[in-house]
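Heads up: the structure comes next, in structure tokens.
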Amino acid sequence: MDKLAFSFVIPVYKSVATLGPLYQAIDDMMRASSQSFEVIFVEDNGSEESWRKLLELKKQFPANITLIKLTKNFGQNGATLCGIDTAVGNMLVTLDDDLQVHPFEIKKLIAYQQQHQCDVVYGVSKEQTGSVFRNTGSRLIKKIFNKSEGGSNIGSSIRLMNRNIADHLRNHSQDHLFINQVVSWYTFNTGFVEIERSPRPEGKSGYNIFQLFAMAFRLIFLYTSLPLKLMIAICSISSSGSLALAGYYIYRHFVFGQGLGFLVLIVIAISLILASISIMGIYLNRIYSARVRKPHYAIKLKL
């Protein structure tokens, strides 16, 4: 297939009613601008209803739609990477399947990229539509990455990227891939455009609060050295305090004949040792996972 102007990559998980309007909006936008395009739907083993709806769309628009069904649920990042690996467009757009962000909003990203020549442009929503706990956690994670990773930004799943960045993602072997963090390893030439986000028209988010917490935990441990730095700082401060406290107890023992009272020091030392071992175990597991190189996705069917 010859290179197209745009490839739209859409991971699908249990959405049905939004898929038709989503494709139609992309089709209208691209035809209005006379741009060649393809839409790659990656069904992330969510439901048979989603797959049947995608097959209907494929029959209606066979020239512009590529369907991929994964063997099991690999998550949004794995499904998105699968679509990126398949895409042939000069510019790649990743979109969610829930239609909270209308495809027409992508025109803002395209205009910004053409003006500033960014490698990647993210669409970000100023208005938070989730719970207070979820929004607070999201802001906290963003601040952690901004401070600890030299300007890395967590971005969003609504993004426009050029072919060069897409090729880097294809060749990346990082386990537990989070696309936005890997993008920041290759370029800081990114832009952020405010887009409108509507309430979800169908279903609810595929991530519950425990899954979001687990994702935040993996992001921090897999893509930052913050836990190690914190443990080094805590152990250094605690060691200094423990030495001072030990000197105090020794002084009381020889001057006043009181007991050494080292039990507190022993408990503190053991706690720090166990915490350090736990964190080191997590990072050793990262090394093991990197050697095993588990696949980010596996394709069951491609049409």
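Brief remarks follow.
- Candidates 99, 55, filtered to the one that is of a type outside the set (Val, Ile, Thr), assigned to a helix (DSSP H, G or I), assigned by TED's automatic domain parsing to the domain that holds residue 14 and farther than 25 Å from residue 164 by Cα: 55
- Test for residue 173: is it modelled with pLDDT under 85 and either surrounded by 15 or more Cβ atoms within 10 Å (Cβ to Cβ) or under 15 Å from the mean Cα position of the chain (by Cα) (or both): no
- Residue identified as at positive phi and out of contact with any helix residue (DSSP H, G or I) (no Cβ under 7 Å at 6 or more places or on another chain) among 7, 34, 47: 34
- Filtered residue count, the range 113-122, keeping only those that are surrounded by 18 or more Cβ atoms within 10 Å (Cβ to Cβ) and not charged (D, E, K, R): 5
- Check on residue 33, small (Gly, Ala, Ser), surrounded by fewer than 18 Cβ atoms within 10 Å (Cβ to Cβ) and over 15 Å from residue 300 (Cβ atoms): yes
- Residue in the range 14-21 that is at negative phi, without any contact (Cβ under 8 Å) to a residue 60 or more places away in the chain and crowded, with 19+ Cβ neighbours inside 10 Å present: no
- Selected residue [in contact (Cβ under 8 Å) with a residue 12 or more places away in the chain, touching a helix residue (DSSP H, G or I) at 6+ places or on another chain (Cβ under 9 Å) and of a type in the set (A, V, I, L, M, F, W, C)] from 109, 70, 55: 70
- Looking across the range 1-31 at every residue that is of a type outside the set (A, V, I, L, M) and in a helix (DSSP H, G or I), the one that is farthest from the chain's Cα centre (by Cα) is identified as 31.
The values are calculated or read from the model by the stated rules, or taken from the named source; none is laboratory data. Fair warning: this is a prediction, and the values are worked out from it, not measured in the lab. Backbone-built Cβ (ideal geometry, glycine too); neighbour counts: all protein chains shown.
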